[in-house]
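Structure record follows, encoded as C-alpha cells.
The values are calculated or read from the model by the stated rules, or taken from the named source; none is laboratory data. Just so it is clear, the model here is predicted, and its values are computed rather than measured. FYI the Cβ positions are ideal-geometry reconstructions off the backbone, even for glycines, and counts take in every protein chain you see. Ligands, DNA and RNA are excluded from the accessible area calculation, which covers all protein heavy atoms including side chains. Shrake-Rupley method; radii C 1.70, N 1.55, O 1.52, S 1.80 Å.
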Amino acid sequence: AFGFQANAEDFPADIKPLMQKYTCFACHKVDARLVGPAYTDVAKKKYSNAKIVELIANPKPENWPGYPPMMALKNVPKADAMKIASWINSLK
C-alpha cells in the first residue's frame, strides 16, 4: 500500500490487535517513518517501558522535532500500553 497505512503484517500477532484498537498504525510503522517516527527509532531513544507508557498518555512533541505532535492517548489502559512499550523496546 502506498501512503498512509502501515501493513498489519508488520506487527506481531499479540501486538497487532492493540495497534488496531488504538489506531497506532495510522501514524506509526515498525521500521519506517509515517506520520510519526518508526518504532525502531523510538526504541533507539532507550526510554524505559514506564517512560513509553507515560509518553503514550502524554506525548512530548519536543522529543520529536520535525514530526506533527502526537495526540494524547489517555484511553490506552496501562497494561496494554506496557505491552506495546515492551514490544517497542524489543526492536533492534
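Points to keep in mind about this one:
- Separation of the Asp41 and Ala79 label points, Cα + 7 Å toward Cβ, nm: 3.3 nm
- Surface per residue (accessible, 1.4 Å probe) for the chain, Å²: 60 Å²
- Taking N as its residue count, the alpha carbon Rg of region 13-92 over 2.2 N^0.38 Å: 0.98
- Percent carbon-and-sulfur accessible area, the chain, ignoring ligands, DNA and RNA, probe 1.4 Å: 60 percent
- Derived scalar couplings between HN and Hα for region 83-92 equal 4, 5, 4, 5, 5, 4, 6, 7, 6, 9 Hz in order, rounded to whole Hz, by the Karplus curve 6.51 cos²θ - 1.76 cosθ + 1.60 (θ = phi - 60°), x for Gly and Pro.
- Model label points for Asn58 and Lys21, set 7 angstrom from Cα along the Cα-to-Cβ axis, are 2.4 nm apart.
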